[in-house]
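Below is one structure, written out as structure tokens; the observations come after it.
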Amino acid sequence: MISIRRQWMMVLILAVVLSVAINSIVFGMLINQIFIDYSTESYDNHVSQLEELSQKVLMDNSYSQQQIDMQLESHLSDPIKQIKIYDAEGNLLGDVNNNNDTMSMMSGMMGRMVDNQAEEVDSREIVVDGDVVGELIITRYSSIRDSLEAKKFILSLAGSGLISFGIVLTLIFIIGIFISRRTSRDLRLTAQQAMDIELGNTGDSPKSRIKEIRTIQHSLDTLNARLKLKQTSRKKLTDELIHQTRTPLTILKTHLEGFQDGIIEFNADEVKICEAQIEHITSIVSNMSNMIDAQKELDVVNFEQVELSQLLKQIVSGLKMQFEKKKIDLKLLNHQKMFVETDRYKLSQVIYNLLTNAYKFTEAGGSVMVNYFKQEDALNIVVEDSGKGISEEEQLKIFDVYFRGVNTGDTSGDGIGLYVVKENLEMIGGEIAVASELGRGSKFIIRLPLDTDYLSKN
């Protein structure tokens, strides 16, 4: 089994090796071709200059052989190995070559390698006024690529390529280690987050900047929220189970103690009473799996025709006394009869949560208004308060699980209410938006579809 970090490093290094190698080959071939073209052009210029020099030497008898050789030596440049000038009678006027001891020592092994290459002789007749006055003989390497300078250039190019490759590979290796450590760290933190969820440990874990890992972490947060909601529901149902079983068990215990103390006679009627309590307990235990299956309860959506004004009136009436004790004005602004196809329980829970939030964050003397109206193919429900308000930055996070803003202070809550609001609305096909300003209150707008075809498909 290989770790992600090692896989990442192997892929990164392989990609770098291939890209640098291909780039070096292509780049080297282009530069080499440019150098060859330059060398060829330089050779042609030398030949042209040597022809002009030969013409001067042959027409002016004042040049000594030493002067001629000195000027010829200035043209001994790769790929030229030897230069000779003859007059019309075949007399040698100048002869220079690069096969001296100094050049041999400088060229070394490279020189010996090049000397083994084939040679060619270029012969140029020197013509003045239509008469041949002499001949220029140039001995050179058979190919520009075989010259000493070309070989040196190729070796230098290859060496520079290897050095560049080494530098790039080292940098990529360092960067790769940094990135892989960061990635593996985020993965370890994500694994620790999953383990904490499994062990029931609660706490904020650092969020990764890598999109894919952050998505996994968000999914784990969502899963954790669902587990906590399930746990809360299970506790409620477990308390109910305990309450329901306590009564028959208490009756059984009382009757058995009375029988033991001789107060109660264990007759047929007493047996029937005990049997009834045992049957009661058996029934509760038989239905236990359904009672503690909180996930099933949360996920079931039951669409029905709901008269909105009646539902909102019941909710507002139920909370009215609580709001009045805090001196907050709670009003339902619309009483028009209006029907919507939705889940009554989930929509009620959404409204209760929004009003509860408004109650918590609105000071005495403030107000909370509930309104609703149709807009195109949707029904909008608005809950508006004059409370503390929410900053623009926090408005992007308030529907995240366990998020609590800086304005919450000592207000009770665990940051699940608005998360449940969003989850419930998504399940019934609705959506929610918020408009708020610090110190000037908040407005939550619920949008429910009126398209019954959509509801029937979902």
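The values are calculated or read from the model by the stated rules, or taken from the named source; none is laboratory data. Bear in mind the structure is a predicted one, so any value in this text is a computation, not a measurement. Note that each Cβ is placed from the backbone with ideal geometry, even for glycine, and that neighbours are counted across all protein chains shown. Quick note on the areas: whole protein, heavy atoms, side chains included, nothing else; ligands and nucleic acids left out. Shrake-Rupley method; radii C 1.70, N 1.55, O 1.52, S 1.80 Å.
Cross-link check: pairs 211/388; 228/397; 230/331; 211/360; 346/374; 211/374 evaluated at a Cα-Cα cut-off of 30 Å; pairs beyond the cut-off: 211/388; 230/331; 211/360; 211/374. Computed over protein heavy atoms with a 1.4 angstrom probe, the accessible surface ordering of 44, 60, 78, 186, largest first, is 44, 60, 78, 186. The label point for residue 77 and the one for residue 219, both projected 7 Å from the Cα toward the Cβ, are 6.8 nm apart. Ranking 346, 422 from most to least accessible surface, computed with a 1.4 Å probe over the protein chains only, gives 422, 346. Taking 381, 167, 137 and ordering them by how much accessible surface each has at a 1.4 Å probe, largest first, produces 167, 137, 381. Couplings 3J(HN,Hα) for region 92-98, derived from phi with the Karplus relation 6.51 cos²θ - 1.76 cosθ + 1.60 (θ = phi - 60°), are 7, 9, x, 8, 10, 8, 9 Hz, where x marks Gly and Pro.
Take the Cα of residue 162, step 7 Å toward its Cβ, do the same at residue 60, and the gap between the two points is 5.0 nm.
Could you calculate the FRET efficiency of residue 322 with residue 434 from 1/(1 + (r/R0)^6), where r is the beta carbon distance between them and R0 is 35 Å, rounded to 0.05? Calculated value: 0.90.
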